[in-house]
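Encoded as structure tokens, the structure appears first; notes follow it.
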Amino acid sequence: MAKYQEIVGWISEQIDKGDYPPGSKIPSENELCRKFGISRQTVRHAIAYLIEEGKLTAERGSGTYVKGDFVENSSKRIAVVTTYVDSYIFPKTIQGIENKLTEYGYTMQLSFTGNTFTKERAILQDLLDNGDVAGLLIEPSRSALPNPNIDLLAELDKKGTRILFLNSNYTQLPFPHVSLADKECAYRAVKELIDAGHRNIACILKLDDRQGHERYSGYLKAMMEAGITVSDEWVVWLDTDDISHMKDNYDRIRRRFDGCTALFAYNDQVAVDAIGVLHAAGIMVPKRMSVVSMDDSDMAKMNGFELDSVPHPKERLGEKAAENIIHLIHNRNYDATYEFIEDVIQRGSVRNIK
């Protein structure tokens, strides 16, 4: 992000929070230079940009002020659309969004899609027809598949609604996203298994979400870096419906684990189900099969079993997404993409076999 954009975002944020109300004077050029450690020319560029946007006005010999008749958006509502709402990592993420929006004086309009295109389309159409919202935070449905709702998202953008994706994104659209760095975090998870001496490492991944594909890329990177040839037989792909009916897939999953000493799971929910498959077959974790997962949800610590897992930022991700959508509302050129990089939390589900 260019330095002047940082100043634009910060000043806009202060206006939005009410710290600089209409008619108030913003810090001088010298003060901004000291605060951000940048040149006067860069400060002037940022101020000129905000003046052109209609947010500030300069008075010769006096200073720069928040424009008295400036209204940054007639709406103070943000639409938040997630795949699910009341379980797993979602409540904490939504809480983070709500906390930060409230801090900035915005309200949240919450919907969920159930990870289906049909419900996503109905929500987006309603926003187009009736939604007076300044911004849209949306978690894509089945983000690895071609999406039939691209037209509605493009129409919302055309109408001036700022859009930011949560957890993943649709590659067909240029909108920013706030997410876990899925490839890098998966790489770190699989590397833990490799560092513990494992070479025959199975993985079980989600087919219809981009996170699954990114996590597979991280798995491949770690394996190839270690000089391990990956067998196609070690890889299990499941879609949303498969995960909802895991018992129907037990035999297929179990066959893919033959000859492996370790497993990388798409997330904790999938890991817990996979461990059930293993235990049913008399394969105990970690004595005969080591397991590492992602998300560090409450499921990673259930029933007295503690799972090694890469933490999802949850509430922090929600807060960051809320902050960035507000920056976008004030500055359409703001670089709002952010990816969290996390390390594995080790709890004992990986056995060293060196």
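The values are calculated or read from the model by the stated rules, or taken from the named source; none is laboratory data. Quantities reported herein were computed from a predicted structural model and do not represent experimental measurements. Positions of Cβ are backbone-derived with ideal geometry, glycine not excepted, and every protein chain shown enters the neighbour counts.
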Candidate set: region 225-242, residues that are under 22 Å from residue 188 (Cβ atoms) and among the aliphatic types (A, V, I, L, M); chosen: the one surrounded by the most Cβ atoms within 10 Å (Cβ to Cβ): 236
Residues (in a helix (DSSP H, G or I) and surrounded by fewer than 23 Cβ atoms within 10 Å (Cβ to Cβ)) located in region 291-326: 298, 299, 301, 315, 316, 319, 320, 323
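Taking region 184-199 as the region of interest, how many residues are outside any loop (DSSP other than H, G, I, E, B) and in contact (Cβ under 8 Å) with a residue 24 or more places away in the chain?
Of all residues in region 184-199, those outside any loop (DSSP other than H, G, I, E, B) come to 184-195.
Still in the running and in contact (Cβ under 8 Å) with a residue 24 or more places away in the chain: 184-194.
Counting residues in region 184-199 that are outside any loop (DSSP other than H, G, I, E, B) and in contact (Cβ under 8 Å) with a residue 24 or more places away in the chain gives 11.
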Cross-chain or 6+ apart pairs with Cβ under 7 Å, region 100-124 first and in contact (Cβ under 8 Å) with a residue 12 or more places away in the chain, then acidic (Asp, Glu) and not in a loop (DSSP other than H, G, I, E, B): 100/319; 100/323; 104/16; 105/16; 108/98; 113/120
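Yes or no, residue by residue, for (1) closer than 21 Å to residue 97 by Cβ; (2) outside the structural domain of residue 320 (by TED's automatic domain parsing); (3) crowded, with 19+ Cβ neighbours inside 10 Å:
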position: 138; (1), (2), (3): yes, no, yes
position: 143; (1), (2), (3): yes, no, yes
position: 147; (1), (2), (3): no, no, yes
position: 151; (1), (2), (3): no, no, no
position: 155; (1), (2), (3): no, no, no
position: 161; (1), (2), (3): yes, no, yes
position: 170; (1), (2), (3): yes, no, yes
position: 174; (1), (2), (3): no, no, no
Index of the failed condition, residue 249 passing every other in (1) part of a loop (DSSP other than H, G, I, E, B); (2) over 18 Å from residue 183 (Cα atoms); (3) not small (Gly, Ala, Ser): (1)
Extreme residue, surrounded by the fewest Cβ atoms within 10 Å (Cβ to Cβ), among residues of region 243-276 that are touching a Ser or Thr at 6+ places or on another chain (Cβ under 7 Å) and more than 20 Å from residue 211 (Cβ to Cβ): 261
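I need the full set of residues from region 202-244 which are at negative phi and more than 26 Å from the chain's Cα centre (by Cα), in order please. Let's see the steps before the verdict.
Within region 202-244, the first condition is being at negative phi, and the residues that meet it are 202-226, 228-244.
Of everything in region 202-244, those that are at negative phi and more than 26 Å from the chain's Cα centre (by Cα) turn out to be 224, 225, 226, 228, 229, 230, 231, 232, 233, 234.
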Test: residue in region 322-340 that is in contact with an Asp or Glu (Cβ under 6 Å, 6 or more places away or on another chain) and modelled with pLDDT of 95 or more: no
Test: residue in region 108-119 that is of a type outside the set (Ser, Thr, Tyr), over 21 Å from residue 323 (Cβ atoms), in contact with a Leu (Cβ under 9 Å, 6 or more places away or on another chain) and assigned by TED's automatic domain parsing to the domain that holds residue 318: yes
Residue 164 under 23 Å from the mean Cα position of the chain (by Cα), more than 23 Å from residue 271 (Cα to Cα) and at pLDDT 95 or above: yes
Among residues of region 228-248, those that are in contact with a Leu (Cβ under 8 Å, 6 or more places away or on another chain) and aromatic (Phe, Trp, Tyr), counted: 1
Breaking point among (1) out of contact with any Cys (no Cβ under 6 Å at 6 or more places or on another chain); (2) within 19 Å of residue 267 (Cα to Cα); (3) not in a helix (DSSP H, G or I), for residue 202: (1)
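Inside region 145-181, can you point out the residues that are outside any loop (DSSP other than H, G, I, E, B) and of a type outside the set (A, V, I, L, M, F, W, C)? I'd like the intermediate steps shown before the answer.
Quick first cut of region 145-181, residues outside any loop (DSSP other than H, G, I, E, B) only: 150-158, 162-166, 177-180.
Within region 145-181, 151, 155, 157, 158, 162, 177, 179 qualify.
When you check residue 142 against the structure, is it at positive phi and either basic (Lys, Arg) or part of a helix (DSSP H, G or I) (or both), yes or no? Steps first, please.
Details: at positive phi: yes; either basic (Lys, Arg) or part of a helix (DSSP H, G or I) (or both): yes.
Criteria met by residue 142.
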